[in-house]
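Enquirer: Handing you a structure now.
The values are calculated or read from the model by the stated rules, or taken from the named source; none is laboratory data. Everything numeric here is computed off the predicted structure, so don't read it as measured data. For neighbour counting, all protein chains shown are included, and Cβ atoms are generated from backbone atoms with ideal geometry for every residue, glycine included. All accessible areas refer to the heavy atoms of the entire protein, side chains included, with ligands and DNA or RNA removed. Shrake-Rupley method; radii C 1.70, N 1.55, O 1.52, S 1.80 Å.
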Amino acid sequence: MSKFALNTALPRYLRTEKERIEKIARDFGLDFFPVIFEMLTYDQMNEIAAYGGFPSRYPHWRFGMEYEQLSKSYEYGLSKIYEMVINNNPSYAYLLEGNSLTDQKLVMAHVYAHVDFFKNNFCFRSTDLDYRGPLVDPVRKSESYDPDRKWIDKMANHGARVSRHIERHGINKVEAFVDHCLSLENLIDPWAPFTGRPAPREEEEPTEEPMDTYKLRAKEYMDSFINPEEILAAQKKKRQDQKKPDRRVPERPERDVLKFLLDHAPLDRWERDVLEIIREEAYYFVPQRQTKIMNEGWASYWHSRMMTEKVLDASEIIDYAENNAGVMATAPGRFNPYKVGVELYRYIEDRWNKGRFGREWEECTDLDAKRTWDMRLGLGREKIFQVRALYNDVTFIDEFLTPEFIIDQKMYTFGFSGRNDRFEIESREFKEVKEKLLFQLTNFGDPYIRVVDANYGNRGELLLEHVHGGFDLRADYARETLMALVRCWKRPVGVATKMDNKPVLLRYDGKEHAMTPYKLCAPADRSAGSRSCSRSPAAPARRRRGSRRRRPRDRPRSTRPRLPRRRRGARLPRARRERRRSARASRSTRRPRARPPRRARRRASRAGPARRRTGSSRRATPPTREVISPPRRRPIARPRCSTGETPRRSWGPSARRSPGRGCPPITTERQATGRCSPRFRS
C-alpha cells in the first residue's frame, strides 16, 4: 500500500466542502475526533478494504483472497465502496476517486456522524489504548476526552512482529499457525472489558486444631518418645491438606478461550506472540459488530438531515435521492441495517417529541386517542443523543422496537418450505419477529463456547462446553475448530454439546474425531468447582439391590489376616466335643418347664403380631388363650413304641428339646396291629 499511497491529498474544491460540512455537523451538536480524508483509486480502495480499513496488516494469504473478491465484484458492477472510515484518533476516511461531487458530500456527512458515534458510544471505550483495567463505568468521561486510539500504528507494529517471526521460523510454519488462530478469533468474551474483576471465591477459614488431637495416650515421662513433635506436625499438615477443596482450572467457566490458552497452553514464545496479536485485533473489531445497526442508522440519519437541510442545492437533490435510495433499499429476504437503524431513530425522535412514552401512554387503551396523541414536548433530539451513547444493537432493538413499528415497516419472519420448495412468510406477529431479530444479534450469531476444565479425566485434556441455545453445532466447523484447539493445547480437546437433543462429547486427540455420550452438569455444580460431573463421559449405572459391591481398581486389597473357616462336615476338636456332650447331658437332666398343648402353640406361632393392611380383606388373628397342661414326668429312659421301634422325630421346635416328643400316641389300631401308624396326629 505504501508504494501507491503517495499522493492522496484532497483537491482544493473538496477541502472547501469538507470544512463547510464539518461546521454544519458541529452546529447540529455532533462531537467527533479530527478527521483526515484521503482520495484513493478503486485498486487502492479494494486493498484498504481487504486489510479491514487499515493501510498495513500482518502478511497472510486471506487478505489477498479478499482483495481478489472485492476487485472482481467491482469490475463486474456487483458492488461499489463509497466510503471507509477507521476508528482511530485522528480518524482516517477514504474517498473513492471518480465519484461525483454529490457522492463526495454524502460520504463526508456520513463519515462525520460515524466518528461522532465512535467517540461517544460506550462500546468503543474498550478500544482506548490509554485506559487500563475494566471499564466499570464506561459512560462517565471528562470534558476534555481525548483518548489514545492510534490503532493504525498498532496494526503496523503487529505486521512487523509477524514478519520477524516469518524470517526466523519460515513462512509456511507461521502461516499455518495463523490459520489455526484465525479459526479461534471469535472465541472471546465481548463484554470482558466491562465486567470488572471477578469476585473472589469464598473460602472457609481453616480452624486451628489443638496438637493434642494427634497425640497417643502416654505417661508424662514417655510422651516425648511416643509423640515426637515432628510426627505431630506432619500429621497436622496432612490433615489440613486433606481438608483443602479440590479446585479445578479454571475455577469458573471461562468464556475468553484465547486468554485461557495464552495463560495455560504450552506455547512457544513466537506462538504466544502471534496468538496475542490475533486476540487484540479481535477485540478491536468487537464494538463494530455490537453496534452495526445503531452505527449505520446514526450516520444515515445525520447525512440525510445535513444533506437535505444545509448542504445540497436544488440541482443536486435528484442525484442524492437516487444514491440514497440505493443505500436504503431492502431486497426481499435481506436485512438492511441502514434502513432499520435510520427508521428506528426517526421513530424514537417522533415518539419523544409527541410524548408517546411513560405510564399514561402505556395505560391508554383508546386507539383513536393514541393515533392523535401529541403533547408537543420536543424531547426527541435529546433522546436520540442519549440512545446513541448508552445502547448497543441488542438493547436498542429490545427497548424501542414496538408493534406499531413492525406494522409500519412491514416486517415479518420467513423460512424455507419443504412442501412447496420455496421461501415463504412464516409470521408477522410482533413477538416472533422481535425474538428472531434478537436471536440473530445476540453474540453475533456465534455459539457460546467456554472453558470448563483444563484437566478433564485427570489426563490433561481441555474440556469446553457449548451453551446450547436451540441450534446444534455444525459438524464440519466443530471438527476444524477442535483441530485448531489441539494445535494450541497440544493435548486432546473435547467440547460438550447436544446433537439431536442428546448430550454428547465431541473429542479430537490429534489423530481421529470421536463422539460419545456425555452427562451435562448442573450450572450450580460447574460454578462451585465440582469435579464429579466432568470426570466421566456418562454417569455410572446404579448398583442393583442385592448385587455384590466390587472393589475399585485403585484401592489396594486388605492385608488383614483372616481366620480359617471350618470346612462343612469336618470333625470338631476333642475339647469342643466334650463340652457339647456335657451340655446335652445337663439339659436332659433339667426339669422341663410347663408348656401349652401343641395345637395352641402352633396356632399362636401362626398368628404372629397383629397387622392390618390398608385395603386388604385379611384380618388380624386375635390372640389365642394359652392353655397350660400339668407337668409331665421326667423320662427315665428313651421312650419306644410298643413294637420296639424307635419313634420318628417331628420337625417342630420341640424336637430339639425332648427326644421322645415325636412318638405318636398309642391308638386302638396300633394296639391291635402292633405297628406304628404311618400318620402323625396333633
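Enquirer: If you scan the range 277-312, which residues turn out to be surrounded by fewer than 17 Cβ atoms within 10 Å (Cβ to Cβ) and more than 20 Å from residue 120 (Cα to Cα)?
Expert: If the condition is that a residue be surrounded by fewer than 17 Cβ atoms within 10 Å (Cβ to Cβ) and more than 20 Å from residue 120 (Cα to Cα), then 280, 308, 309, 310 are the ones that fit.
Enquirer: Restricting the range 339-360 to residues that are out of contact with any Gly (no Cβ under 7 Å at 6 or more places or on another chain) and among the aromatic types (Phe, Trp, Tyr), which is farthest from residue 116 (Cα to Cα)?
Expert: Across the range 339-360, the extreme among qualifying residues is 357.
Enquirer: Taking the range 313-322 as the search range and keeping residues that are closer than 21 Å to residue 339 by Cβ and surrounded by 15 or more Cβ atoms within 10 Å (Cβ to Cβ), which one is farthest from the chain's Cα centre (by Cα)?
Expert: If we take residues in the range 313-322 being closer than 21 Å to residue 339 by Cβ and surrounded by 15 or more Cβ atoms within 10 Å (Cβ to Cβ), then 319 is farthest from the chain's Cα centre (by Cα).
Enquirer: Inside the range 323-363, can you point out the residues that are without any contact (Cβ under 8 Å) to a residue 24 or more places away in the chain, open to solvent by 40 Å² or more (accessible area, probe 1.4 Å) and farther than 22 Å from residue 428 by Cβ?
Expert: Across the range 323-363, the qualifying residues are 325, 326, 354, 356, 357, 359, 360, 362, 363.
Enquirer: Would you be able to say whether some residue in the range 216-236 is over 25 Å from residue 182 (Cβ atoms), among the hydroxyl-bearing types (Ser, Thr, Tyr) and modelled with pLDDT of 75 or more? Quick ask: steps written out before the conclusion?
Expert: We begin by selecting, within the range 216-236, every residue over 25 Å from residue 182 (Cβ atoms); these are 216-236.
In the following step, the residues that additionally are among the hydroxyl-bearing types (Ser, Thr, Tyr) were identified as 221, 224.
Still in the running and modelled with pLDDT of 75 or more: 224.
Yes, some residue in the range 216-236 is over 25 Å from residue 182 (Cβ atoms), among the hydroxyl-bearing types (Ser, Thr, Tyr) and modelled with pLDDT of 75 or more.
Enquirer: Now, a different point. Among the residues of the range 250-265, what is the count of those that are touching a Phe, Trp or Tyr at 6+ places or on another chain (Cβ under 9 Å) and either surrounded by fewer than 12 Cβ atoms within 10 Å (Cβ to Cβ) or aliphatic (A, V, I, L, M) (or both)?
Expert: Looking only at that region, the number is 2.
Enquirer: Inside the range 466-494, can you point out the residues that are assigned to a helix (DSSP H, G or I) and surrounded by fewer than 17 Cβ atoms within 10 Å (Cβ to Cβ)?
Expert: So the first thing to find is which residues in the range 466-494 are assigned to a helix (DSSP H, G or I), and the list is 475-489.
Residues satisfying the conditions are 475, 476, 477, 479, 480, 483.
Enquirer: Now, a different point. What residue, of 145, 92, is within 26 Å of residue 396 (Cα to Cα) and open to solvent by 10 Å² or more (accessible area, probe 1.4 Å)?
Expert: That would be 145, the only listed residue that is within 26 Å of residue 396 (Cα to Cα) and open to solvent by 10 Å² or more (accessible area, probe 1.4 Å).
Enquirer: More than 24 Å from residue 171 (Cα to Cα), in contact with a helix residue (DSSP H, G or I) (Cβ under 6 Å, 6 or more places away or on another chain), small (Gly, Ala, Ser) and assigned to a helix (DSSP H, G or I): is that true of residue 71 in this structure?
Expert: Details: more than 24 Å from residue 171 (Cα to Cα): yes; in contact with a helix residue (DSSP H, G or I) (Cβ under 6 Å, 6 or more places away or on another chain): yes; small (Gly, Ala, Ser): yes; assigned to a helix (DSSP H, G or I): yes.
Spelling it out, residue 71 is indeed more than 24 Å from residue 171 (Cα to Cα), in contact with a helix residue (DSSP H, G or I) (Cβ under 6 Å, 6 or more places away or on another chain), small (Gly, Ala, Ser) and assigned to a helix (DSSP H, G or I).
Enquirer: Cβ-Cβ distance below 7 Å, separation of 6 or more or different chains: which pairs start in the range 68-87 with a residue that is under 13 Å from residue 40 (Cβ atoms) and end on one that is modelled with pLDDT under 90 and among the charged types (D, E, K, R)?
Expert: 74/80
Enquirer: Would you mind telling me which numbered condition in (1) in a loop (DSSP other than H, G, I, E, B); (2) polar (S, T, N, Q); (3) at pLDDT 90 or above residue 458 fails?
Expert: It fails just one condition, (3).
Enquirer: Continuing with the same structure: On the given criteria, is residue 54 buried (at least 19 other Cβ atoms within 10 Å of the Cβ), under 28 Å from residue 179 (Cβ atoms) and under 43 Å from the mean Cα position of the chain (by Cα)? Give the derivation first.
Expert: Values: buried (at least 19 other Cβ atoms within 10 Å of the Cβ): yes; under 28 Å from residue 179 (Cβ atoms): yes; under 43 Å from the mean Cα position of the chain (by Cα): yes.
Yes; evaluated as a whole, the condition is true for this residue.
Enquirer: Return the residues of the range 364-384 that are open to solvent by 60 Å² or more (accessible area, probe 1.4 Å) and touching a residue at least 40 places away in the same chain (Cβ under 8 Å); say none if nothing qualifies. Give the derivation first.
Expert: Restricting attention to the range 364-384, the residues satisfying the condition of being open to solvent by 60 Å² or more (accessible area, probe 1.4 Å) are 365-368, 371-372, 374-377, 379, 381-382.
Residue satisfying the conditions is 381 alone.
Enquirer: Which of the residues belonging to the range 72-91 are of a type outside the set (A, V, I, L, M, F, W, C), closer than 25 Å to residue 323 by Cβ and touching a Phe, Trp or Tyr at 6+ places or on another chain (Cβ under 8 Å)?
Expert: Result: 74, 80, 83, 87, 91.
Enquirer: Are there any pairs with C-beta distances below 8 angstrom linking a residue in the range 424-450 that is over 20 Å from residue 288 (Cβ atoms) and open to solvent by 70 Å² or more (accessible area, probe 1.4 Å) to a residue that is part of a strand (DSSP E or B) and polar (S, T, N, Q), with the two at least 6 apart or on different chains, and if so which?
Expert: Correct list of pairs: 425/413; 426/413; 428/413; 432/413; 436/413.
Enquirer: Let me ask another. Conditions first: (1) touching a strand residue (DSSP E or B) at 6+ places or on another chain (Cβ under 6 Å); (2) at pLDDT 65 or above; (3) over 19 Å from residue 448 (Cβ atoms). Residue 537 passes all but one, so which condition is the exception?
Expert: (2)
Enquirer: Within the range 260-376, which helices (runs of 4 or more DSSP H) (wholly inside it) include 1 or more residues that are modelled with pLDDT of 95 or more?
Expert: Details: elements: 269-290, 292-306, 317-328, 337-354, 359-363, 367-371.
The qualifying helices (runs of 4 or more DSSP H) are 269-290, 292-306, 337-354.
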